[in-house]
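Working notes, beginning with the structure itself.
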Amino acid sequence: MWHTTETVTSAFRNSTVPTLGYVTNGLGYNLYNILIGRDGHAYLIAAGTAAHAGKGSGHGMPRDQANLYSFGISFDSNNNTTPVNAAQLETAARLGAAIDREWKNSIRHVMHGEWAPARRSDPTKIPGGWSALRAAINRGYWNTPTTNTTPGRTWLEMVSKSELQSLLRQEGWAYKGRDENRDAYSYLRNTHRMVAAAAGERAGLLEAIRQVAGGAEVDLGAIEKAAEKGVSDALASLEADVTLTINTDQED
Ligand SMILES: [Zn+2]
C-alpha cells in the first residue's frame, strides 16, 4: 500500500527524510515498512506488521485488516510545497517492480486513498495520478530505463559456499517425524505438506549441489537418481510414521 507522509514543509529544510524517526519510533511502533527519502533512498523500517492502513475495505483484504495483509511504503513528501519528486518516483517504480518479481506478480499495488477513500487521499501529487505510478511499476522505471532493470541474481548465486552448507545441514533436520502431532488427520495433512516440500526442494537441492561443485566435473544424472531415491525413501518412512501414529493413538 502506497502513501505520502504529508509532513509539514518546515521539516524538509534540514533533512532528506525528516519523517524517518517518527515513523520508526515516534509512537512506539512502526508506521510503515519502507520510507522513501527525498534523495530516492528507500529506508527499510520494519518487517512484519506496520500501522499504516487503518480502517478500510476492499482490494482483496479483510475489512480493517490491511495492516496484517499489506506492507506500507511511503514517500516522504506533502501535497503542497514538497511533493513527491523524480528521485522518489524512480525508486518507487523500481521497488514496486522488484516486489512484483519477488512475489511473481501476485501483489496488488493499492493506494491508501483507495483503501480508505472517505478519510485518506494519499499518495498525493503523483504526476499523472495513481495510474501513472502503477504503470511505472509495471514497466520497471519512472523516467530512466537503465541496466539496473535486468533481473537480479538469485539468492543461490549470492550465497557463500559455507552459508549454503550450513543451510543444507539445517534443512536436513527440519522435518519432524512421528509424535509431531497426535491427531491422525492433522498428521496426514502435515504429511502431505512435507511430501510437497520434499518434492519441491528436490530441484533446489540439485541446484545447490551444482553451486557447491563450483564447476567441477559432476555426474548430474547420478545425483538426480540419488535425489529421487532420497525422496521416495522419505515418503516410505513418512508412511511408516503415519501408520505407527494412528495405531498407537487409537483409544477405542
Ligand atoms: Zn497513508
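Some observations on this one:
- Condition check for Leu27: within 13 Å of the ligand (Cβ to nearest atom), farther than 17 Å from Asn85 by Cα, in the same structural domain as Thr124 (by TED's automatic domain parsing) and among the hydrophobic types (A, V, I, L, M, F, W, C): no
- Checked against (1) surrounded by 19 or more Cβ atoms within 10 Å (Cβ to Cβ); (2) over 16 Å from the mean Cα position of the chain (by Cα); (3) assigned to a helix (DSSP H, G or I), Ala87 meets all criteria but (1).
- Options Gly40, Gly48: the member that is in a loop (DSSP other than H, G, I, E, B) and buried (at least 16 other Cβ atoms within 10 Å of the Cβ): Gly40
- Of the criteria (1) free of Cβ contacts under 8 Å to residues at least 24 places away in the same chain; (2) surrounded by fewer than 17 Cβ atoms within 10 Å (Cβ to Cβ), which one Asn67 fails: (2)
- Reported count of residues in the stretch 98-110, each being within 14 Å of Arg134 (Cβ to Cβ) and either within 12 Å of the chain's Cα centre (by Cα) or crowded, with 18+ Cβ neighbours inside 10 Å (or both), is 6.
- Number of positions in the stretch 121-135 that are within 14 Å of the ligand (Cβ to nearest atom) and either assigned to a helix (DSSP H, G or I) or touching a Ser or Thr at 6+ places or on another chain (Cβ under 6 Å) (or both): 5
- Failed condition for Asp76, given (1) out of contact with any helix residue (DSSP H, G or I) (no Cβ under 7 Å at 6 or more places or on another chain); (2) more than 16 Å from the ligand (Cβ to nearest atom); (3) acidic (Asp, Glu): (2)
The values are calculated or read from the model by the stated rules, or taken from the named source; none is laboratory data. What you are looking at is a predicted structure, and each value in this text was computed from that prediction instead of being measured. Glycine gets a Cβ as well: all are built from the backbone with ideal geometry, and neighbour counts include every protein chain shown.
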